[in-house]
Structures are given as C-alpha cells and as structure tokens.
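Structure record follows, encoded as structure tokens.
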Amino acid sequence: MTLYIGREASKLWKRVCAEVTAEITLLAENWKYLLAGLIFQYIHGLAARGVHYLHRPGPLLQDIGFLLLPELGKDKAYISETLFTLIFISFFLWTFHPFILKGKRIYTVLVWCRVLAFLVASQILRIFTFYSTQLPGPNYHCREGSKLATLPRPDSALEVLLINFPRGIVYGCGDLIFSSHMIFTLVFVRTYQKYGTRRFIKQFAWLLAVIQSFLIIASRKHYTVDVVVAWYTVNLVVFFIDKKLPEMPDRTSGASLLLPLTSKDKDSRNKEENHKLLNGNSGDPADRRQRTQVNGKNLEDGNTGHPDTAMNGV
C-alpha cells in the first residue's frame, strides 16, 4: 500500500511539473494580454465608482420583475452574492484542473486569455450604457434617504482612484445597465460549455445562471432590464469574439506541444497525426474516454448511446 501511494504521488508530482513548465511557456508568450485584461478590471471598477458621483436617488421605476418576484429584503440579500461567489470560485478552480487531473483539454493561461477578452469587450459596452443614462438605483443603499445613494464631491483625485475597494464596489450605485454579475456568470458558463467535458455540469451551470438572474432581481440589485440586456449582449459578444480568436490547440501530447521540435520529431508527429486521423482518433492520450463519432461529432460524457439511434434523431 505504501509503495502504491508513493508511486501515485510521484506520478502526480511529474504531472504537476510538466504542466507548470507548459503553462510558464504560454505565460511568457501571453502575459501582455493577461495583464491588459486585469488592468481593465480596475478601469471598469473606476468607471463604476465614477458614475456613483453622478447618481441621484429617486422613485423606483415600474418593473415587471419586481411585480412577479417577491422582495428578499436586506437580511437575505446575501443569497445572490453567495451563489455568484460559488460560481466564480468553481470556475476558477476548474481552469487549474489540468495541473492535477489526467483529462487535459485546456491550457489555463489560454483559457484566461479568452475569458478576459470576453469580459473586457462586455465591460466596455457596459460602461458606455450606464454612463449614457443614470437610472435611480433599486438597491436599498441607493434609495432616497440613504447616505450612500450619492457620494460627496471627492477631495482629491486619489480618493477616486482608490475606488474604496471592496466597499466601493459592493455599495455602488448608478452602474445598472447591464448587470456585471451576469457578465461574469455568462462568460464562465459559456466557456465551460465549450471546453468542459461533463454534460450534466453544463446543464447545471446554465440552471445556476437562470437562478442567479432571478436572485439579482429579487434582491433588488438590478432592474429586470439590466439582466435581460446582459443575457443577449454577453452571449452575442462571446459568440463573435470567439470566432475571431485563434482556437486553443488540442492537447494531443501534453506539454510536449510547447517544446521545440527537431525535423525528425516533426516528421514522426505528422505521421502519427495522420494515422490518428485515418483511425478517427484524436485528443489527449491520457484521456481514455470512449468517444463515438456520429456525423462528424464527438459525443461527450453522458451521451453514450447507440450510433444508429443518434443518426435517426431519437
């Protein structure tokens, strides 16, 4: 038993080392994109902080979501934030799963490059919309009579630049159309939809996105229009930008894809890839799942049915 545990620990350590080497190589090539994406997250927060100075409280607008969904109240407003935190942490941990698990379909650095590209494009549109028209915030701290509804004139530029993180983000007002929480949620769900392997998790993720939408409205953090606009805007942004970005390379041979190849290695690899194509096999050799090809598509986990049945549309 001790020998077996030691052998498995050694395999895991080798896998982690190989993955770190591959990811460092990718990081050296793509760090500018990651840094630019992270810097824009600060710019987005700064823009949200700035519009808070322009916000003026007023009567709540007529909203169909407010009429249909009961108000959770201040004491239960944490529910939507808890669900969002769960989605965020789950996705973050999933992007690092290749360091430990055998089934490797993604590179962590490349996934986050794509995610940040989707976020930045969506957030640019969001900044334009909430600066165009400031609506009276429906959140409790944004209503008439609240001291937080309008920020006092800043004493210095430093006060604005520091954005009072995280309190300034949590208690912001005026940055309504469209929901930032839904931007992150939909980008994460769509990314897992494309690169994830578990069908039931994909379905569950979409269900959580729908529940998150209802909770945001029930918590009165956004109007219904903020959530509705987020649903079609973010999905369209991801759809079009994903077509423009170079596709992530297949992990046909693990970390060796990122290492320089000699002409002999290239010839042998080309022969191996041609052999795989002729036999209908591709993907990570560490991923031993049985895949059935139907009409040129690979069935995912949980889709193991009879090929004839799938072709007949049943």
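The values are calculated or read from the model by the stated rules, or taken from the named source; none is laboratory data. Quantities reported herein were computed from a predicted structural model and do not represent experimental measurements. Quick reminder, even Gly has a Cβ in these numbers, built from the backbone with ideal geometry, and neighbours come from all protein chains shown. When the accessible area is computed, the model is the full protein with side chains, heavy atoms only, and any ligands, DNA or RNA have been set aside. Shrake-Rupley method; radii C 1.70, N 1.55, O 1.52, S 1.80 Å.
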#### Entry: Matching entry among Leu208, Leu236 (being exposed (fewer than 14 other Cβ atoms within 10 Å of the Cβ), at pLDDT 95 or above and either of a type outside the set (Phe, Trp, Tyr) or in contact with a strand residue (DSSP E or B) (Cβ under 7 Å, 6 or more places away or on another chain) (or both))
Leu236
## Note on the structure
Only one of (1) of a type in the set (D, E, K, R); (2) over 28 Å from Leu236 (Cα atoms); (3) open to solvent by 70 Å² or more (accessible area, probe 1.4 Å) does not apply to Glu159, and that is (3)
### Summary
Within segment 2-40, residues at pLDDT 90 or above and open to solvent by 50 Å² or more (accessible area, probe 1.4 Å) come out as Ile24, Leu27, Ala28, Glu29, Trp31, Lys32, Tyr33, Leu35, Ala36, Leu38, Ile39
## Note on the structure
Reported set for segment 48-72 where residues are within 21 Å of Leu125 (Cβ to Cβ) and open to solvent by less than 40 Å² (accessible area, probe 1.4 Å) is Ala48, Arg49, Gly50, Val51, His52, His55
### Query
Taking interchain pairs and intrachain pairs at least six residues apart, which have beta carbon atoms under 8 angstrom, with the first residue in segment 94-107 and touching a residue at least 12 places away in the same chain (Cβ under 8 Å) and farther than 18 Å from Leu12 by Cβ and the second open to solvent by 30 Å² or more (accessible area, probe 1.4 Å) and assigned to a loop (DSSP other than H, G, I, E, B)?
Arg105/Thr197; Arg105/Asp287; Tyr107/Pro249
### Unmet requirement for Glu81, which otherwise passes all of (1) outside any loop (DSSP other than H, G, I, E, B); (2) farther than 14 Å from Tyr140 by Cβ; (3) open to solvent by 40 Å² or more (accessible area, probe 1.4 Å)
(2)
### Task
Please identify the pairs in which a residue from segment 40-63 that is touching a residue at least 12 places away in the same chain (Cβ under 8 Å) has its Cβ atom under 6 Å from the Cβ atom of a residue that is charged (D, E, K, R) and part of a helix (DSSP H, G or I), counting only partners at least 6 apart or on another chain.
none
